[in-house]
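Participant: Here's a structure for you.
Derivation of every value follows stated rules applied to the coordinates shown; laboratory data play no part. Just so it is clear, the model here is predicted, and its values are computed rather than measured. Cβ placement follows ideal geometry from the backbone for every residue including glycine, while neighbour counts extend to all protein chains displayed.
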Amino acid sequence: MDAVLVINADLGPLHRVTVQHAVRMLCRRVAEIHEAEPDRVIGVFPMPRVVRLVRFVVTRWRFNSGPAWSRAGVLRRDDRCCAYCGGPASTIDHILPRSRGGRNTWRNTTAACYACNQRKGDRTPAEAGMPLRREPVNPGWAALTGR
Ligand SMILES: [Zn+2]
């Protein structure tokens, strides 16, 4: 229960840290006490409940669902297995073809073997009668770096 909430300079909540960590932030003057326990002190500071960063930290990364898209990343995510026949894949298929506005995103691309890729051509899986064996997902960092 001793965790201290860290809030951004714009008061947006970020994460929790230990009291010791919060005190170190106060010592280094990267944070200030925003809310303290009444009548409790830790060293020279009131016991913090909430500390506020002195400088605004850009937190866009928190909303980024994972690593940037890459062909190699798609092959790794899919274990180099074709999404249509399950065979060894060496190409990337765009589920909604690029010629029709499909983009290079994790969810629009999947590993595919050359034959399936050719057969599917400029069609969606439904049009081609080639159902996906698995739903393409946004990989976490771990899926791309763990092997
Ligand atoms: Zn295939």
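Participant: If I model a spin label at residue 80 and residue 27 as a point 7 Å from the Cα along the Cα→Cβ vector, what separation in nanometres do I get?
Facilitator: 5.1 nm
Participant: Could you rank the peptides 76-82, 9-15, 25-31 by their average count of other C-beta atoms within 10 Å per residue, with the highest value first?
Facilitator: Result, highest mean first: 76-82, 25-31, 9-15.
Participant: May I ask you to derive the FRET efficiency for residue 58 and residue 19 from their Cβ-Cβ distance with R0 = 25 Å, giving the value to the nearest 0.05?
Facilitator: Given R0 = 25 Å and the Cβ-Cβ separation, E is 0.45.
Participant: Okay, next question. Tabulate in residue order the Karplus-calculated ³J(HN,Hα) for the range 105-112, using 6.51 cos²θ - 1.76 cosθ + 1.60 with θ = phi - 60°, rounded to whole Hz; enter x for Gly and Pro.
Facilitator: 10, 4, 7, 9, 10, 8, 5, 8
Participant: To the nearest 0.05, what FRET efficiency results for residue 44 and residue 10 with a Förster distance of 25 Å applied to their C-beta separation?
Facilitator: 0.40
Participant: Let me ask another. Could you work out [θ]222 nm for the chain from helices alone, using -39500 (n - 2.57) per DSSP H run of at least four and dividing by all its residues? Round to the nearest 500 deg cm²/dmol.
Facilitator: -5500 deg cm²/dmol
Participant: Suppose the Debye formula is applied to equal point scatterers at every Cα of the chain; what is log10 I(q)/I(0) at q = 0.08, 0.13, 0.15 Å⁻¹?
Facilitator: The calculated log intensity ratios at q = 0.08, 0.13, 0.15 Å⁻¹ are -0.44, -0.66, -0.74.
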